[in-house]
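Trainee: Just passing along the structure, written as C-alpha cells.
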Amino acid sequence: VQPMPQEQQTLTDASTVFQNGQTIMKFTKIMKEPGEVEILFGDNDFLWAHGSAPALTYHSARSAFVLNLSSGAAQELTAPNKGLWLAHGVILFLAWGVFVPFAVQASLLRKLLPEGGIWLQIHRGLNTISLALFIAGFAISVATTNKEEQPHFSNPHRRMGLAMFIMAILQVIGGIVRPHNPPEGEKKKPVRVGWEVGHRVLGVSLLACGFWQMYEGILLYGVKYSTD
C-alpha cells in the first residue's frame with residue numbers, strides 16, 4: 001500500500017473505527033478535483049470490497065455498483081460474459097476432470113477389461129472426446145478474451161492453457177504415428193520402449209496440469225464474479 005503524499009490529500013473529516021466486527025470509514029471528499037474522476041449528482045460508478053479481518057489484504061469479495069446521489073437509488077453491476085466463462089469452465093472440467101481420467105484408467109486397468117484391444121478403443125475414444133472438448137473450451141477462451149479486449153496469455157492460467165493445448169496436440173499425433181507394438185512374446189524395439197515412456201510421462205503431466213488448471217480457473221472465476 002502506497003499512502004498518498006500529504007500535500008495531495010484532500011479528504012477531510014476522515015475517521016476509521018473498528019466496531020462490532022465491522023470497519024467503518026467516514027470522510028468528506030471534494031466532488032470535482034483536477035486529475036480525478038468527477039463525482040456527479042446523478043449516476044456514479046463505484047466499487048465495493050470487503051475482507052474478513054481488520055488488516056490490509058486482498059479482498060476477493062468485490063463488485064461494482066451505480067449510485068445516484070440525487071435519488072439515492074443504487075444498482076449492482078456485474079462483470080460481462082459470465083455465461084461464456086462458465087461454459088469454458090464446465091467444458092474443460094468434462095475434458096480434464098472426467099474423460100481424460102477415465103481414458104487413463106482404461107489403459108492402467110487394461111488387464112481387467114475383455115481381451116481384443118477393448119481398452120485401446122475406450123482409451124482412444126475418450127481421449128478423442130476430451131480433445132474435442134479441449135479445442136471447444138480453448139476457442140471460447142480466446143474468443144471471449146478478444147471480446148473483452150484483454151491481452152492473451154497474460155497470466156499463469158492462460159499460459160498454462162496454451163502450453164497444454166500444444167502438449168495435447170503432440171500427444172495425439174504421437175498416438176497416431178506410434179511405433180508398431182510387436183506380437184506378445186517378442187522383444188520391443190528401443191524406439192517403441194522410448195515412445196511408451198514418453199507417452200506415459202506426457203499423459204501424466206497433462207493430467208496433473210489439468211487438475212491445477214481447474215483449481216486456478218475456479219479461483220479466477222470467483223474473483224472476477226465475486227463468488228465463493
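Trainee: For residues that are under 14 Å from L92 (Cα atoms) and of a type in the set (S, T, N, Q), scanning just the stretch 119-159, find the one that is surrounded by the fewest Cβ atoms within 10 Å (Cβ to Cβ).
Mentor: Ranking the qualifying residues of the stretch 119-159, first place goes to T128.
Trainee: So if I check each of A95, A103, A132, which one is among the aliphatic types (A, V, I, L, M), more than 30 Å from Q150 (Cβ to Cβ) and modelled with pLDDT of 95 or more?
Mentor: A103
Trainee: In the stretch 29-61, which residue that is farther than 25 Å from L77 by Cα and surrounded by 10 or more Cβ atoms within 10 Å (Cβ to Cβ) is modelled with the lowest pLDDT?
Mentor: Only one residue fits best here, namely P54.
Trainee: So which residues in the stretch 1-20 are of a type outside the set (A, V, I, L, M, F, W, C), over 20 Å from V37 (Cα atoms) and open to solvent by 100 Å² or more (accessible area, probe 1.4 Å), if there are any at all?
Mentor: D13, N20 - these are the residues of the stretch 1-20 that are of a type outside the set (A, V, I, L, M, F, W, C), over 20 Å from V37 (Cα atoms) and open to solvent by 100 Å² or more (accessible area, probe 1.4 Å).
Conditions tested, residue by residue: (1) touching a residue at least 60 places away in the same chain (Cβ under 8 Å); (2) closer than 15 Å to V223 by Cα; (3) part of a loop (DSSP other than H, G, I, E, B); (4) touching a Pro at 6+ places or on another chain (Cβ under 9 Å).
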position: H59; (1), (2), (3), (4): no, yes, yes, no
position: R62; (1), (2), (3), (4): yes, yes, no, no
position: L67; (1), (2), (3), (4): no, no, no, no
position: S71; (1), (2), (3), (4): no, no, yes, no
position: A79; (1), (2), (3), (4): yes, yes, yes, no
position: A87; (1), (2), (3), (4): no, no, no, no
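Trainee: Oh, and also: State which residue pairs qualify: first residue open to solvent by less than 80 Å² (accessible area, probe 1.4 Å) and inside the stretch 98-118, second residue aromatic (F, W, Y) and part of a helix (DSSP H, G or I) in any location, beta carbons under 7 Å apart, and separation of 6 or more residues or different chains.
Mentor: If the second residue must be aromatic (F, W, Y) and part of a helix (DSSP H, G or I), the pairs left are A106/W119; S107/W119; L113/W119.
Trainee: Which condition from (1) over 30 Å from A61 (Cα atoms); (2) touching a Gly at 6+ places or on another chain (Cβ under 9 Å); (3) open to solvent by 50 Å² or more (accessible area, probe 1.4 Å) is the one that I218 breaks?
Mentor: Single failed check for I218: (1).
Trainee: Within the stretch 145-187, restricting attention to residues that are among the polar types (S, T, N, Q) and in contact with a helix residue (DSSP H, G or I) (Cβ under 7 Å, 6 or more places away or on another chain), which residue is farthest from H199 (Cα to Cα)?
Mentor: N181
Trainee: List pairs: first residue in the stretch 139-155 and assigned to a loop (DSSP other than H, G, I, E, B), second residue of a type in the set (A, V, I, L, M, F, W, C) and modelled with pLDDT of 95 or more anywhere in the structure, Cβ distance under 9 angstrom, at least six positions apart or on different chains.
Mentor: H152/V142; H152/L162; F153/L162
The values are calculated or read from the model by the stated rules, or taken from the named source; none is laboratory data. The structure displayed is predicted, hence computed values, not measured ones. Positions of Cβ are generated from backbone atoms using ideal geometry, with glycine treated the same way; all protein chains shown enter the neighbour counts. Only protein heavy atoms, including side chains, enter the accessible area calculation; ligands, DNA and RNA are left aside. Shrake-Rupley method; radii C 1.70, N 1.55, O 1.52, S 1.80 Å.
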